[in-house]
Amino acid sequence: MNDSVLIVGGGQAGAQAALSLRQGGFAGALTILGDEPYVPYERPPLSKSFLAGDVTEERMFMRPEAFYAEKTITLRRGRAVSIARGQHRLHLENGEHLAYGTLILATGGRVRHLNCPGADLAGVHYLRTIDDVLGFKNRLQAGARVVIVGGGYIGLETAAVAVKRGCKVIVLEMQPRVLARVVAPEMSAFYTRVHREAGVDVRIGAVVTGFGGTGKVEHVICGDEIIPADVVIVGIGIVPNAELADDAGLDVDDGIVVDENARTSDRDIFAAGDCTRQFNTIAGESIRLESVPNALAQGKAAALTILGKPVPPVEVPWFWSDQYDLKLQMAGLAKPGDAVVIRGDEATRRFSACYLRDGVFVACHAVNMAKDFLQSKKLIADRARPDLARLGDPALALKDL
């Protein structure tokens with residue numbers, strides 16, 4: 001019997017699966033197949049400290065290259081094109097095939113591209129990989145006209161770095177407010193004000209219809225307006241890389257469907273990270289969760305299941321975003337229509353937004369309020385029903401509600 005494990009995807013989910021397998025005593029052949037010329041690295045710093053020049057590529061590596069050799073984890077470069085499930089083989093673009101005993105798909109996601117005239121001009125950039133950032137990082141010089149399409153976390157984090165470098169930054173968000181899908185209107189208004197006070201021109205309800213320029217982007221077409229641009233950065237979300245699984249006949253629904261152990265509809269194939277959809281017991285529904293903690297947890301779950309060890313219960317989803325001197329930490333999953341209670345004073349740049357659905361505490365978004373973030377996780381997990389008046393008193397700790 002082939003007891004090898006083959007991991008497709010060199011991101012954090014795939015690397016965590018490999019590390020957990022070796023830490024758990026797995027002694028079989030272990031291979032990570034990636035399509036980037038780097039050892040597995042952390043992606044969050046790409047739009048933050050790496051873009052700002054505060055950390056190097058090596059600082060983002062989850063482990064140095066020598067570590068993988070020491071643990072006999074083979075790192076291969078290549079792109080998988082199909083899975084022959086019956087033969088337990090993975091076929092590569094170069095014609096090779098790799099045999100596996102167990103397969104872990106950690107294929108992640110790819111940036112969603114704009115489909116409009118001029119979108120393929122030089123100078124129109126996306127942000128998902130080290131090479132993406134290296135493609136425009138040095139162009140963020142004082143005086144450069146930078147247009148960012150998308151007012152989500154990637155767009156706003158990039159805007160914060162660019163304006164601090166002295167760039168003239170415009171953010172174009174087609175929704176009626178920034179971060180519209182993920183935070184309450186109060187939080188959207190706060191971040192809009194913070195960016196505008198920093199010098200960013202934030203425009204909402206702005207629909208980009210094209211780009212123009214001779215050989216490279218020189219302007220952005222937004223309605224009737226022509227906006228001059230030296231650099232354009234697009235951040236409008238990602239698409240899960242689920243085609244490999246779909247073509248192989250695995251269950252796919254806007255992501256590779258996995259159970260609580262990260263196992264797909266094929267018992268010898270697991271999946272982890274941004275490419276997956278899983279029933280979340282905290283949220284009470286099947287979701288595709290784009291977060292580092294989820295990627296790491298699913299990578300560990302796959303490894304533990306392969307090792308025959310119990311998988312810990314799912315944790316409360318959490319995320320973070322660094323912009324200027326603000327650390328936004330988010331626990332739980334808020335939805336439009338949730339009731340919102342604000343704790344603290346936005347003017348002090350230290351406050352939190354607590355979200356309730358039918359009286360149940362479901363999420364907390366804390367700005368420079370680490371205690372609220374940490375303590376909110378238990379309230380969310382316990383489906384607490386706090387008294388609203390007490391909840392709104394920042395002098396009272398969340399753990400005491």
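Considering only the stretch 385-401, how many residues are closer than 25 Å to ALA347 by Cβ and in a loop (DSSP other than H, G, I, E, B)?
8
Being surrounded by 15 or more Cβ atoms within 10 Å (Cβ to Cβ) and either modelled with pLDDT under 95 or under 24 Å from the mean Cα position of the chain (by Cα) (or both) is the filter here, so list the residues in the stretch 207-234 that pass it.
If the condition is that a residue be surrounded by 15 or more Cβ atoms within 10 Å (Cβ to Cβ) and either modelled with pLDDT under 95 or under 24 Å from the mean Cα position of the chain (by Cα) (or both), then VAL208, VAL231, VAL232, ILE233, VAL234 are the ones that fit.
Just to verify a result, which residue in the stretch 44-67, among those that are under 20 Å from LEU30 (Cβ atoms) and in contact (Cβ under 8 Å) with a residue 40 or more places away in the chain, is surrounded by the most Cβ atoms within 10 Å (Cβ to Cβ)?
MET62
Conditions: (1) of a type in the set (Asp, Glu); (2) surrounded by 15 or more Cβ atoms within 10 Å (Cβ to Cβ); (3) in contact with a strand residue (DSSP E or B) (Cβ under 7 Å, 6 or more places away or on another chain). GLU346 meets all but one. Number of the miss?
(3)
ASP54 passes all but one of (1) in a loop (DSSP other than H, G, I, E, B); (2) in contact with a strand residue (DSSP E or B) (Cβ under 6 Å, 6 or more places away or on another chain); which number fails?
For ASP54, the failing item is (2).
Only residues that are touching a Lys or Arg at 6+ places or on another chain (Cβ under 8 Å), surrounded by 16 or more Cβ atoms within 10 Å (Cβ to Cβ) and among the basic types (Lys, Arg): list them for the stretch 288-342, please.
ARG288
Need pairs with beta-carbon distance below 7 Å; first residue closer than 26 Å to ASP254 by Cβ and within the stretch 110-125, second among the polar types (S, T, N, Q) and assigned to a loop (DSSP other than H, G, I, E, B); sequence gap 6+ or separate chains.
Close Cβ pairs satisfying both conditions: ARG110/ASN241.
If you take the residues in the stretch 275-302 that are free of Cβ contacts under 8 Å to residues at least 24 places away in the same chain and of a type in the set (A, V, I, L, M, F, W, C), which one is farthest from ILE104 (Cα to Cα)?
The qualifying residue farthest from ILE104 (Cα to Cα) is PHE279.
Kindly indicate whether any position in the stretch 103-125 is in contact with a Cys (Cβ under 9 Å, 6 or more places away or on another chain), crowded, with 17+ Cβ neighbours inside 10 Å and assigned to a strand (DSSP E or B). Please lay out each step first, then the result.
Filtering the stretch 103-125 down to residues in contact with a Cys (Cβ under 9 Å, 6 or more places away or on another chain) leaves 105-109.
Checking the rest, the ones that are also crowded, with 17+ Cβ neighbours inside 10 Å come to 105-109.
Next cut, assigned to a strand (DSSP E or B) only: 105, 109.
Yes, some residue in the stretch 103-125 is in contact with a Cys (Cβ under 9 Å, 6 or more places away or on another chain), crowded, with 17+ Cβ neighbours inside 10 Å and assigned to a strand (DSSP E or B).
Could you tell me whether GLU173 is acidic (Asp, Glu), touching a helix residue (DSSP H, G or I) at 6+ places or on another chain (Cβ under 6 Å) and either surrounded by 23 or more Cβ atoms within 10 Å (Cβ to Cβ) or not assigned by TED's automatic domain parsing to the domain that holds ALA13 (or both)?
Values: acidic (Asp, Glu): yes; touching a helix residue (DSSP H, G or I) at 6+ places or on another chain (Cβ under 6 Å): no; either surrounded by 23 or more Cβ atoms within 10 Å (Cβ to Cβ) or not assigned by TED's automatic domain parsing to the domain that holds ALA13 (or both): yes.
Judged against the criteria, GLU173 is not a match.
Give the residue that is surrounded by the fewest Cβ atoms within 10 Å (Cβ to Cβ), with candidates limited to residues of the stretch 138-158 that are without any contact (Cβ under 8 Å) to a residue 60 or more places away in the chain and under 24 Å from the mean Cα position of the chain (by Cα). Please lay out each step first, then the result.
Filtering the stretch 138-158 for residues without any contact (Cβ under 8 Å) to a residue 60 or more places away in the chain gives 138, 141-143, 151.
Adding the requirement that they be under 24 Å from the mean Cα position of the chain (by Cα) leaves 138, 151.
On the way: ASN138: 8, GLY151: 28.
Here the residue is ASN138.
Restricting the search to the stretch 270-281, which residues are in a loop (DSSP other than H, G, I, E, B) and surrounded by 20 or more Cβ atoms within 10 Å (Cβ to Cβ)?
At the first step, the residues of the stretch 270-281 found to be in a loop (DSSP other than H, G, I, E, B) are 272-275, 281.
Those that are in a loop (DSSP other than H, G, I, E, B) and surrounded by 20 or more Cβ atoms within 10 Å (Cβ to Cβ): ALA272, GLY273, ASP274, CYS275.
Which one of ASP254, ASP247 is touching a Pro at 6+ places or on another chain (Cβ under 7 Å) and loosely packed, with under 14 Cβ neighbours inside 10 Å? Reasoning before the result, please.
Numbers: ASP247 fails: touching a Pro at 6+ places or on another chain (Cβ under 7 Å).
That would be ASP254, the only listed residue that is touching a Pro at 6+ places or on another chain (Cβ under 7 Å) and loosely packed, with under 14 Cβ neighbours inside 10 Å.
Mind counting the residues in the stretch 337-384 that are free of Cβ contacts under 8 Å to residues at least 24 places away in the same chain and part of a loop (DSSP other than H, G, I, E, B)?
So the count comes out to 4.
Of ALA363, ALA353, ALA334, ALA370, which residue is at pLDDT below 95 and either out of contact with any Cys (no Cβ under 7 Å at 6 or more places or on another chain) or not β-branched (Val, Ile, Thr) (or both)? Can you show your working first?
On the way: ALA363 fails: at pLDDT below 95; ALA353 fails: at pLDDT below 95; ALA370 fails: at pLDDT below 95.
The match here is ALA334.
Table: residues versus (1) under 30 Å from PHE50 (Cα atoms); (2) assigned by TED's automatic domain parsing to the domain that holds ARG267; (3) of a type in the set (S, T, N, Q); (4) not in a strand (DSSP E or B).
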residue	(1), (2), (3), (4)
ARG63	yes, yes, no, yes
THR74	yes, yes, yes, no
GLN87	no, yes, yes, yes
ASN94	no, yes, yes, yes
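The values are calculated or read from the model by the stated rules, or taken from the named source; none is laboratory data. The structure presented is a predicted model; accordingly, all values stated were derived computationally and were not measured. Virtual Cβ from ideal backbone geometry, glycine too; neighbours counted across all protein chains shown.
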